[in-house]
2 protein chains.
Amino acid sequence: MLAYFAAAMVSKIPDQPLEIEIPEEISGLRMTRQRREVYRILQQERNHPTANDVFMRVKDRLPNISLATVYNCLEVLVQHGIIRQVNFERESSRYCPNLSEHGHFHDEATGVIHDVVFKPGITLADVLQLPPGALIQDVEITLRGKIATT
Amino acid sequence: MLAYFAAAMVSKIPDQPLEIEIPEEISGLRMTRQRREVYRILQQERNHPTANDVFMRVKDRLPNISLATVYNCLEVLVQHGIIRQVNFERESSRYCPNLSEHGHFHDEATGVIHDVVFKPGITLADVLQLPPGALIQDVEITLRGKIATT
DNA sequence: TCAATATCAAGAATTATTCTAATTATCATT
DNA sequence: AATGATAATTAGAATAATTCTTGATATTGA
């Protein structure tokens, strides 16, 4: 019994970064338990997880959550501009809490996805010849390649 | 009977642009009948058709072609760098014979897809902060928005 | 011509995602 | 706290694009 309590206490020591506080509401969206945990995982796992990745991780805290709910949560978070959805070719969508304007470099050798930002002071409109009158609502810049090993 | 022949002759007058000649082989890829017709349609229809769009059009000339074959043809043409595959969000892939470096602006109001090029003299490496050693194999720049109606 | 290889067709299988219907939780009022 | 209204969640079925499988055809090279 003592051993059981000790184990329980030990297991409470966080091996993850300190828990992130998430408010009751973000951008007018009520943070339900499921949405909160989904969002928390995106904050912690910065490696652009898929819906299924999130599902597997979130089950630690909400064992009864369904994959459909994870999809629902991710969708509503995207719709409210709280996270971004990122697509590579026709692979599963990935999700990312980084809202600043950035693209993604997909290292084919390792599978790692790196965020890529513009050089300071440069914006997309500076470099592209857009159709006259174009009003841009969303931009996706995706690069595939490898990182040279020195 | 005469009327029938006359109608048949009239129907032979091309309403499409003059037929495009396609060589026996492109980039080391043998142009079979199916590949040739698929490629011809991409050359003619510059509106970024989906595999199914191509399938419907190609059936005029090859009534027995299957959708699987259209997918096969498109895939092998992409693999040989003869055409490009373009993805918008999670919609059906679209295909495009324009090989020059360019992005795509998707007008949400009309559904029209415009090719977008860099301003002269500017290349992507000029404007992005890439991870050190990054070797880029492929770039996808996708914009969504509307065209302002003056 | 004949064998080896490549391509094609038809339909089944796969996979990510969305939908449906039933249940549960939350909120605003009393 | 009970009540009704609304929103969220669940489980599993449905969907749609694409890929796979298998057997048939076509093409090439000897």
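The values are calculated or read from the model by the stated rules, or taken from the named source; none is laboratory data. Model, not experiment: these values are computed from the prediction. Note: ideal-geometry Cβ built from the backbone for every residue, glycine included; neighbour counts use all protein chains shown.
Among the residues that make up the range B:114-121, is at least one of them more than 15 Å from A:V127 (Cα to Cα) and not assigned by TED's automatic domain parsing to the domain that holds B:R46?
yes
Can you name the residue in the range A:109-126 that is of a type in the set (D, E, K, R) and exposed (fewer than 14 other Cβ atoms within 10 Å of the Cβ) and, of all such residues, is nearest to the other protein chains (Cβ to nearest Cβ)?
Taking the candidates together, the pick is A:K119.
Every residue in the range B:127-150 that is more than 7 Å from chain A (Cβ to nearest Cβ) and under 24 Å from A:T150 (Cβ atoms), please.
Within the range B:127-150, just B:P132 meets the criteria.
Limited to the range A:48-71, what total is found for residues that are farther than 26 Å from A:F105 by Cβ, without any contact (Cβ under 8 Å) to a residue 12 or more places away in the chain and either among the hydrophobic types (A, V, I, L, M, F, W, C) or within 11 Å of DNA strand C (Cβ to nearest atom) (or both)?
Summing the residues that are farther than 26 Å from A:F105 by Cβ, without any contact (Cβ under 8 Å) to a residue 12 or more places away in the chain and either among the hydrophobic types (A, V, I, L, M, F, W, C) or within 11 Å of DNA strand C (Cβ to nearest atom) (or both) in the range A:48-71 gives 3.
Could we say that A:S93 is closer than 16 Å to A:I113 by Cα and within 9 Å of DNA strand C (Cβ to nearest atom) here?
Yes; evaluated as a whole, the condition is true for this residue.
So if I check each of B:V116, B:V76, which one is in contact (Cβ under 8 Å) with a residue 24 or more places away in the chain and in contact with a Phe, Trp or Tyr (Cβ under 7 Å, 6 or more places away or on another chain)?
Being in contact (Cβ under 8 Å) with a residue 24 or more places away in the chain and in contact with a Phe, Trp or Tyr (Cβ under 7 Å, 6 or more places away or on another chain) holds for just one of B:V116, B:V76, which is B:V116.
Given the structure, is B:Y71 modelled with pLDDT of 95 or more, within 14 Å of chain A (Cβ to nearest Cβ) and out of contact with any strand residue (DSSP E or B) (no Cβ under 7 Å at 6 or more places or on another chain)?
yes
Go through the range A:79-108 and report how many residues are within 26 Å of A:P120 (Cα to Cα), touching a Phe, Trp or Tyr at 6+ places or on another chain (Cβ under 9 Å) and surrounded by 17 or more Cβ atoms within 10 Å (Cβ to Cβ). Explain how you work it out, then say what you get.
Taking the range A:79-108 and keeping what is within 26 Å of A:P120 (Cα to Cα), we get A:81-88, A:95-107.
Of the ones still in play, those that are also touching a Phe, Trp or Tyr at 6+ places or on another chain (Cβ under 9 Å) are A:82-87, A:97, A:101-104, A:106.
Cutting the leftovers down to surrounded by 17 or more Cβ atoms within 10 Å (Cβ to Cβ) gives us A:82-87, A:97, A:102-104, A:106.
Adding up the residues that qualify gives 11.
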